[in-house]
1. Output needed: percent of Cα pairs per 10 Å distance bin for the chain, bins running from 0 to the one holding the longest distance.
2. Show me the helices of the chain, taken as full DSSP H stretches, that run 27 Å or more along their long axis by Cα and average -0.5 or above in Kyte-Doolittle hydropathy.
3. Take the solvent-accessible surface of the protein heavy atoms, probe 1.4 Å, and return the percent of it on the range 46-109 that carbon and sulfur atoms account for.
4. Using the structure shown, select from Lys92/Lys126; Lys49/Lys81; Lys81/Lys114; Lys9/Lys114 the pairs with a Cα to Cα distance greater than 24 angstrom.
5. What accessible area per residue, rounded to a whole number of Å², is obtained for the chain using a probe radius of 1.4 Å?
6. Using Cα positions and a limit of under 14 Å, work out the aspartates and glutamates in reach of Lys88, with same-chain residues fewer than 8 apart set aside.
7. How far is the Cα center of the range 31-52 from the Cα center of the range 103-134, in Å?
Amino acid sequence: MSKLVEELKKQHVAILQIFGEIQSLGIESKEGQAKLQAAKTGLLAHLGKEDKEFYPVMRKAAETDNRLRMLLRDFAQDMEKISVFALKFFDKYAGGGSGIEFAKDFATLASTLKSRISREETILYKEYDEIHPE
């Protein structure tokens, strides 16, 4: 496994751990609010690292691989939808929240991120390691 994929996987674990802590602490608490901000910061940093280090290698390889080009297109479209929802979620609950609406939004975001992470690790990261094994 390449060093970059290893780092990205560690970030995935940290992001999911923070979401678990938010759920345990509750968004109404100061600690929960701090964890929510940490989740946003961690997620944005992770996406930035992927954009800077991971995707340029993948896009370069996709120039001569139509299958990979289509795969990257599909993942990009999926990520755009997830990003819009995630940013709205973080803005909406930046000052707190409770009740069924927060629970529903939180569950949607957490499950969407878990699914995306699983797909990245089993599909995209495997492709990256074949292209750039380090």
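The values are calculated or read from the model by the stated rules, or taken from the named source; none is laboratory data. Since the model is a prediction, treat every value here as computed from it, not as a measurement. Each accessible area value is taken on the protein alone, full model and side chains, heavy atoms only, with ligands, DNA and RNA left out. Shrake-Rupley method; radii C 1.70, N 1.55, O 1.52, S 1.80 Å.
1. For the chain, the pair-distance distribution reads 11, 42, 29, 14, 4, 0.
2. Membrane-span-like by this criterion, though nothing is claimed about a membrane: 3-25, 30-49, 66-92, 99-119.
3. That share works out to 57 percent.
4. Lys92/Lys126
5. 58
6. Of all the aspartates and glutamates, those that pass the test against Lys88 - Cα under 14 Å, at least 8 places apart if same chain - are Glu80, Glu101, Asp105.
7. 15
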